[in-house]
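Student: Let me begin by handing over the structure; questions about it come next.
The values are calculated or read from the model by the stated rules, or taken from the named source; none is laboratory data. In this text the structure is predicted, and so the values were computed from the model without any measurement. Here Cβ is always computed from backbone atoms with ideal geometry, including for glycine, and neighbour counts include all displayed protein chains. Accessible surface areas use protein heavy atoms only, side chains included; no ligands, DNA or RNA. Shrake-Rupley method; radii C 1.70, N 1.55, O 1.52, S 1.80 Å.
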Amino acid sequence: MTVSRIAAAEAPAAVGPYSQAVSTGEGSGAIVHVSGQVPLDPTTGALVDGGVRAQAERVLTSIGAILEAAGLGYDDVVKTTVLLADIADFKAVNAVYARHVTGPVLPARAAFGVAALPLGAGVEIEAIAVRP
């Protein structure tokens with residue numbers, strides 16, 4: 001197995017010692033782990049304004065860019081984890097999520113309310129995809 005780093009300029013740079021994503025290979029069945037994305041503007045590095053819906057949009061756009069850099073898309077995602085600073089935001093984030101994640105087989109998913117997220121974010125999402 002060859003592990004490789006994946007990075008997309010259209011997604012914010014890592015804010016710590018981690019990669020945007022890591023792939024376990026290039027062949028069919030290889031797994032791509034996309035690190036949890038928080039709603040940072042990739043140009044400025046600042047948290048996006050506009051509430052949790054705008055934050056969810058930024059997060060899912062970043063994940064889409066990282067998947068694209070890996071040669072994949074949302075249809076290849078098999079599992080996501082959604083972290084919310086306020087579980088009451090679940091419905092709003094879910095509506096944005098449903099516009100991005102539309103494949104014929106939707107990924108498994110977990111959603112958690114947490115005490116706090118990095119940089120004061122309202123939402124963080126991570127994803128696991130499998131190469132076809």
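Student: What area, in nm² and to one decimal, does the C-alpha convex hull of the chain cast on average over all directions?
Tutor: Taking the Cα atoms of the chain, their convex hull projects to 7.6 nm² on average.
Student: For ILE63, what is the net charge nearby, where nearby means another residue's Cβ is under 14 Å from its Cβ and Lys, Arg count +1, Asp, Glu -1?
Tutor: Once positives and negatives cancel, what remains is -3.
Student: Any chance you could give the angle, 0 to 90 degrees and rounded to 10, that helix 51-69 forms with the longest Cα principal axis of the chain?
Tutor: Computed tilt is about 10 degrees.
Student: With a point put 7 Å past each Cα toward its Cβ, work out how far ALA110 is from THR24 in nm, to one decimal.
Tutor: Simple spin-label model gives 1.7 nm for this pair.
Student: Solvent-accessible area per residue for the chain at a 1.4 Å probe radius, Å²?
Tutor: 50
Student: Taking all protein chains in place and a 1.4 Å probe, what share, in percent, of the accessible surface of the chain do carbon and sulfur account for?
Tutor: The C+S portion of the solvent-accessible surface of the chain is 57 percent.
Student: Turning to a different aspect of this structure: What distance in nm separates the simple spin-label points at ASP41 and SER4, each placed 7 Å from Cα in the Cβ direction?
Tutor: It is 3.3 nm.
Student: Moving to a separate point now. Taking only the C-alpha atoms, wrap a convex hull around the range 13-91 and report its volume per residue in Å³ as a whole number.
Tutor: 106
Student: Among LEU106, LEU83, what's the order by accessible area (1.4 angstrom probe), most exposed first?
Tutor: The most accessible residue leads, giving LEU106, LEU83.
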